[in-house]
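Below: the structure, in structure tokens.
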Amino acid sequence: MIKSYDNLPHKPHDECGVFGFYNNDNFDLPALTRDALYGLQHRGQESAGLTIIKDGEPYTVKDLGIVSNVMTDKALSKLPRDGKISVGHVRYTTLDYLERAATQPLVMRYIEGSLALAHNGSITNFAEIRSELEKGGSIFQSNSHAEIIGYKIATNRIEKDNFMEAVQRTMDDLKGAYSMVISSPSKLYGVRDPHGFKPLCLGKIQNSYIIASESCVIDTLGGEFIRDVEPGEVVAIDENGITSYHSMTEKITSLCLFEYVYLARPDSVIDGVNVNEARQKAGRILFEENPIDADIVCGVPDSGLDAAQGYAEASGITYATAFIKNKYIGRTSDGVGNDKKQKLLRMRLNVIRNIVDGKRVVIIDDSIIHGNTSAHIVKLLKEAGAKEVHMRISSPEFVYPCYFGVDLPDENNLISNKLSVDELRDKIGADSLSFLSIEGLHKIAEGCKIRLCDGCFSGIYYADLPKIIYEDKFANKIKK
Ligand code: SF4
């Protein structure tokens, strides 16, 4: 299946959301896991899946599509409701085609039993590990990074005394970004890479335990937040509670700063920083760095709204809702290329004309990748009668790629690599344009318990970059 999102306005995407539950009560595990995955849907809309472990046996529902399409009542009715462990996953892929075989949780049966694995991130030595395993005779169903991790754990388990040691041994081999939930037949594990690129947290509801990419899921389930899983930590959960193991912690951790700007839900708290507050702070700093005289401040829904409130608060300029976003658009029938893109943009965002007519408007968005969406937004505002449009971006310019699981185009396709800010302002048709500084970006996450990654803005990465880029010889053949 060809990816259907190519023609939508481009925003960087995270690759996945992960969830795990250890049931020490009598929760209906399939229903609870589906509810949890609704809370992670923003982290991936291309496939969804859950595995229930009952008496050591895995039962799985997964497919391409969003949670509500995959986890229908009918599909979940085939799963045991009284399982002990669940593992859930939502996926976004950077590949330009979708692989059903790569949907997660990945379930494997090996000599010591079965495991279910859900992964968020990107393994930067994927090509080397895949090649080593292939030379050893391993056969793969997909290009999923989860699959090589699963193979590594399964093979390491043969040599190690227990599953925990196999996971820790596997972490020694992996480089890059990984926050994972894994089940063995009897335990649930949460794993965060030593750099802490991706968030992962722990919660509790009654006597049962939750592991999730974001704390908003714990709130959704009515549970209480316990703490973040630390970089380099593995937590093992069974009926006796949580046991923590610190495999390794990098001296320089690298939590993705873009989680605070765009990727995470605003009602989540990540490593001690409230995402909503971080975005409002970005707006306040944006005004301090780039003030302008105007009549109203508006945000591009959804992730520009909090920063717009911050900008309005700091500037004293009236905050207003200028755009209505239609969240229910899937495919459209006619138009190709730019025509179709324009049509989708127009269907997705509409301006409330009387709010902006005759006004000097400050419009806040979270990022600019290609510039086309920004140009469209400015055009919509001007067509609706805005006298001036001043665009403010609540992140710095994207000028370098991400190697750690966020789907950014390569350097050649990032507009800020081709145009200066003034040239970009002219291209999008705004009266002024400015970005948050890198220093300002770090200030939005002040109080964060770990150090932050700003690699795609600064070009400085505190982790090993891929040495070999994996090329799938069969990719073109399996496109349909
Ligand atoms: S390079 Fe950018 S998008 Fe990637 S992890 Fe770092 S801050 Fe996040």
Rounded to whole Hz, the Karplus (6.51, -1.76, 1.60) HN-Hα couplings of segment 390-400, x for glycine and proline: 10, 8, 10, 10, 7, 8, x, 5, 6, 10, 10
Student exercise, segment 275-448 dipole from Lys, Arg, Asp, Glu Cβ charges, in Debye to nearest 20: 800 debye
For the chain, share of DSSP beta bridges that run antiparallel, in % to the nearest 5: 80 percent
Above-threshold pairs, the threshold being 22 Å between Cα atoms, out of Lys62/Lys327; Lys281/Lys449; Lys54/Lys78; Lys204/Lys443; Lys175/Lys198; Lys343/Lys382: Lys62/Lys327; Lys204/Lys443
Between 0 and 90°, nearest 10: helix 163-173 axis offset from the chain longest Cα axis: 50 degrees
Globularity index of segment 16-254, i.e. its alpha-carbon radius of gyration over 2.2 N^0.38 Å: 0.92
Net lengthening on full extension, Glu57/Ser420 (0.36 nm per residue, minus Cα-Cα): 125.0 nm
Karplus-derived 3J(HN,Hα), 6.51/-1.76/1.60, for each residue of segment 351-365, Hz, glycine and proline x: 8, 8, 4, 5, 6, 9, 4, x, 9, 8, 10, 9, 10, 10, 10
Along each principal axis, Cα extent of the chain, largest first, Å: 70, 49, 47
Degrees between helix 145-159 axis and first principal axis of the chain (Cα, 0 to 90, nearest 10): 30 degrees
Cα-based convex hull, segment 275-448, per residue volume (Å³, whole number): 128 Å³
Mean Cβ count within 10 Å, highest first, over the residues of peptides 278-291, 234-247: 278-291, 234-247
C-alpha center-to-center spacing [segment 349-372, segment 394-444] in angstrom: 17 Å
Table column - 3J(HN,Hα) (Hz), segment 31-37, Karplus curve with 6.51, -1.76, 1.60, x for Gly and Pro: 5, 4, 5, 4, 4, 5, 5
With Cα atoms, 0 to 90° folded angle of helix 275-289 axis to the chain main axis: 30 degrees
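A short reminder: the numbers here are calculations on the coordinates, not readings from a lab. Note that the structure is predicted; figures quoted are calculated from it, not measured. Please note: Cβ atoms are built from the backbone with ideal geometry, for glycine as well, and neighbour counts cover all protein chains shown.
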